[in-house]
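Below is one structure, written out as structure tokens, with a few remarks after it.
The values are calculated or read from the model by the stated rules, or taken from the named source; none is laboratory data. What you see is a predicted model, and the numbers here were worked out from it, not measured in a lab. All Cβ positions, glycine included, derive from the backbone under ideal geometry; neighbour counts span all protein chains shown. When the accessible area is computed, the model is the full protein with side chains, heavy atoms only, and any ligands, DNA or RNA have been set aside. Shrake-Rupley method; radii C 1.70, N 1.55, O 1.52, S 1.80 Å.
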Amino acid sequence: MSDIVKDSTLYRIKQIELAEAEYYKSLVATLDRIEREVVSLASRLPLTDGKLIELQAAIAIRPQIKAILEREYLAWSDTVVRDGFNKQAKRIEKTFKRIGNIPVAFQELTKGDQALIQNLKQQYFTQFKDVSNTFTRRLSEKVYQNTLVGSEFTVLEKELRQTINGIYASADDPEAQKLVDYINDNKFNKSKQSQVDKAVQTLQSKFARDRAGENMKRYAGQILNDSLRDFDATLNFNKSKDAGLTFVKYYGDVIPTTREICRNLISGVYNKRKSGLFTIDEVRKLWTSRSWSGKKSGNPLVVRGGYNCRHQWSYVNPDWYDSKGELII
């Protein structure tokens, strides 16, 4: 007999993964446009003997950089929080209807749910906007600092590109660009993860690129990842609370990079019941009694394993399970 709770939760997780891959692809295109436009803008700064010399021009470029980021990046961000969140909310509603063994009033999105969705949209759009403001400042500072010391334009160009795209900045070298394109195209293809990792290593070793840079792509990608999953977890938590569901079960794949706490929850190491269910209080105590790399502060039912965690809780009633821990609804 199929486990409808498990199937529904894995459906939600899968749809988030597909959405993230889709939005990441458009993020790559967006940041590539920003990179080209910012470098083109900077290329019009006055030069003397190939070197930047006019501080007034360097200061005046900031509002133009800000306009580029707002036009390109904030438009992309709006699509994520508006369309992406709406679609995931509908998937959560579909999950509640599919399970069905809760009051009908809570199977659909209520007015309270809609208000929460709107608040979450505003909250996460603000996070995306903070990235835009931060990198407007950083890019402007790169221009000013390089002008102050009289750098050659090629030095500024490299810093601008890497501040935006980090290891994935555009390259004149065809081999390096081929690696960048391959990594971007296959980032979410699980069957090619070893090849992607090898391509990253080649960029680092052969082309002297530092993966751990403070670049816009890294921050935007992190917010994309966490916003989609945290939104799903927050809405699911609030709907389940309203429906009176106070037990939870943890779902998701176990891969080599899975954190120990997530691995143990899924494999049954922490189980107190045959069904693998935990009360919300038990989850809170489990989280507060342990520390691990990447752990986030906040409600463990929302933040789960932490940054980049791809697992999700499902909320259930223990009456749905028999004495052997098997689902009976």
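Which part of the stretch 235-273 falls in the paramagnetic zone of GLN127, meaning amide N under 14 Å from the point 7 Å along Cα-to-beta-carbon? Residues 235 fall inside that zone.
Computed on protein heavy atoms with a 1.4 Å probe, the accessible areas place LEU156, LEU55 in the order LEU55, LEU156, largest first. One chain, two ends: LYS324 and TRP292. Fully extended at 0.36 nm per residue, the span grows by 8.3 nm beyond their Cα-Cα distance. Accessible surface of VAL254, taken over heavy atoms with a 1.4 Å probe and every protein chain present, rounds to 70 Å². Computed with a 1.4 Å probe over protein heavy atoms only, the accessible area of TYR182 comes to about 80 Å². Considering only alpha-carbon pairs that sit under 8 angstrom and 6 or more positions apart, the relative contact order computed for the chain is 21 percent.
For the stretch 29-118, a simple Cβ point-charge model (Lys and Arg +1, Asp and Glu -1, everything else neutral) yields a dipole of about 400 debye relative to the Cα centre. Over the chain, dividing the summed -39,500 (n - 2.57) contributions of all DSSP H runs of at least 4 residues by the number of residues returns a 222 nm mean residue ellipticity of -20000 deg cm²/dmol. A probe of 1.4 angstrom, applied to the heavy atoms of all protein chains, finds TYR270 with accessible area near 40 square angstrom. Checking every one of the trypsin sites (Lys or Arg not before Pro) in the stretch 19-72 against DSSP loop status and a limit of 16 other Cβ atoms within 10 Å picks out ARG44. The aspartates and glutamates whose alpha-carbon is closer than 19 Å to the alpha-carbon of LYS249, local same-chain residues fewer than 8 away aside, are ASP3, ASP7, GLU93, ASP230, ASP232, GLU260, ASP281, GLU282, ASP319, ASP322, GLU326. Multiplying the residue separation of GLN145 and ARG82 by 0.36 nm and removing their Cα-Cα distance gives an extension gain of 18.9 nm. Once Cα extents along the principal axes in Å is calculated for the structure shown, the corresponding label among [x] 82, 43, 33; [y] 96, 45, 38; [z] 70, 41, 35 turns out to be [x]. In order along the stretch 286-298, phi translates into HN-Hα couplings of 4, 6, 6, 8, 9, 10, 7, 5, x, 5, 10, 6, x Hz, rounded to whole numbers, per the Karplus curve 6.51 cos²θ - 1.76 cosθ + 1.60 with θ = phi - 60° and x for Gly and Pro.
Working note: Karplus 6.51/-1.76/1.60 with θ = phi - 60° gives the stretch 45-51 the couplings 5, x, 10, 10, 6, x, 10 Hz, where Gly and Pro are set to x.
One chain, two ends: GLN56 and GLU152. Fully extended at 0.36 nm per residue, the span grows by 32.9 nm beyond their Cα-Cα distance.
For SER267 and LYS6, the FRET efficiency from 1/(1 + (r/R0)^6), where r spans their Cβ atoms and R0 equals 25 Å, is about 0.95.
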